[in-house]
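One structure, as structure tokens, below. Some questions next.
Read-outs: derived from the displayed coordinates by stated rules, not from any lab. Computed from a predicted model, the values in this text were never measured in an experiment. Cβ atoms come from the backbone with ideal geometry, glycine included; neighbour counts cover every protein chain shown.
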Amino acid sequence: MQREIHKWYSPRLNKDMEIAMYGHYGFALLMLPTAAADFLEYERFHLISVLEPYINAGKIKVFSINSINSEAWLNNRMHPRHKAIRHQQFNGYVEHEVVPFIKTHTSPETAIITTGASLGALHAANLFFRRPDLFSGTIAMSGLYDLTNYTKGYFDEDVYFNSPCHYLPNVSDEWTLNRLRSSGHIHILTGSGDYEDPEGSRNLSHVLSAKGIPHELDIWGPDMRHDWPTWRAMLPYYIESRF
């Protein structure tokens, strides 16, 4: 399996940001870390290992990036407004720096599917819903899609526009809705075991259904807890069966 580590200084985040790239061909799978983790988290917890057959076969080319969650919603010493600003800077980093990097290492026509688990699921889904012109779909695992779960009561315009359960009901632009409706790859997954919250996924599903956006809601059983064995089972299954 081809594996490369790249790093550049991000002017939007004012810091060096790393990205791990796995594979040589296939659609691009952009991985967003859980909680305050880094770009190698999915490798450390063997999610890259279970994807290796699809990577080696040229079905997917994986790009795993750093989070800045510890500098935003997970930083209890930071003022909420500054957290929101940092979150928006992260969006800019992904949209204007990571996406061009992916296109340079694939092709301008290559589809980018976002994925992540836990807080990474919120980011993965949010990136796609905000910019269906840049991303072609999402595989979101064990997420909560109401950002106020992380804002400790704070709410402003930036929170609203990064909280899919808030802004999606009000999307009226037909161009955006048509993009979302034609994706064919909106997969909302969750377990129902310890520390999982299937209602978070159901709530997002209700919002999508109300807007006529086709998607797949898949709630796995009570043996599937909020932990890595669940995500190591979910993601390769979906890569194998849905793409």
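Rounded to two decimal places and with Rh computed the Kirkwood way over Cα pairs, what is Rg over Rh for the range 115-189?
0.96
Same structure again: What FRET efficiency, computed as 1/(1 + (r/R0)^6) with R0 = 22 Å and r the Cβ-Cβ distance, is obtained for Ala233 and Asp38, rounded to the nearest 0.05?
That gives a FRET efficiency of 0.45.
Here's a follow-up. For the residues Asp16, Asp158, what sequence is obtained by ranking on other C-beta atoms within 10 Å, fewest first?
Asp16, Asp158
Okay, next question. Using a Förster distance of 35 angstrom, determine the FRET efficiency expected from the C-beta separation of Asn75 and Thr110, and round it to 0.05.
Given R0 = 35 Å and the Cβ-Cβ separation, E is 0.55.
Now, a different point. Indicate, rounded to the nearest 5 percent, the antiparallel portion of the DSSP beta bridges found entirely in the chain.
35 percent
The range 188-243: which GluC sites (Glu not before Pro) are DSSP loop and have at most 13 other beta-carbon atoms within 10 angstrom?
Sites meeting the loop and neighbour criteria: none at all.
Please express the shape of the range 94-133 as an equivalent ellipsoid: the semi-axes are the square roots of 5 times the eigenvalues of the C-alpha gyration tensor, given largest first in whole angstrom.
The three semi-axes for the range 94-133 are 19, 10, 9 Å.
In nm, to one decimal, how far is the modelled label at Asn149 from the one at Arg3, with both set 7 Å along Cα→Cβ?
Taking the simple label geometry, Asn149 and Arg3 are separated by 3.1 nm.
Near Val171, within a Cβ-to-Cβ distance under 14 Å, what is the net charge of the other residues, with Lys and Arg +1 and Asp and Glu -1?
Here the count lands on +2.
Among rounded, prolate and oblate, which fits the range 3-242 when a ≥ b ≥ c are the square roots of the eigenvalues of its C-alpha gyration tensor, a/c under 1.5 means rounded, and a/b larger than b/c means prolate?
Note, shape of the range 3-242 comes out rounded.
Of the options Ala124, Phe90, Ile48, report the single residue whose Cα projects farthest towards the positive end of the charge dipole of the chain (beta-carbon charges: Lys, Arg +1; Asp, Glu -1).
With unit charges placed on the Cβ atoms, the residue in question is Phe90.
For the range 188-198, take each phi angle, set θ = phi - 60°, evaluate the Karplus expression 6.51 cos²θ - 1.76 cosθ + 1.60, and give the result in whole Hz per residue in order, putting x for glycine and proline.
Along the range 188-198, the couplings run 10, 10, 7, x, 10, x, 4, 6, 7, 9, x Hz.
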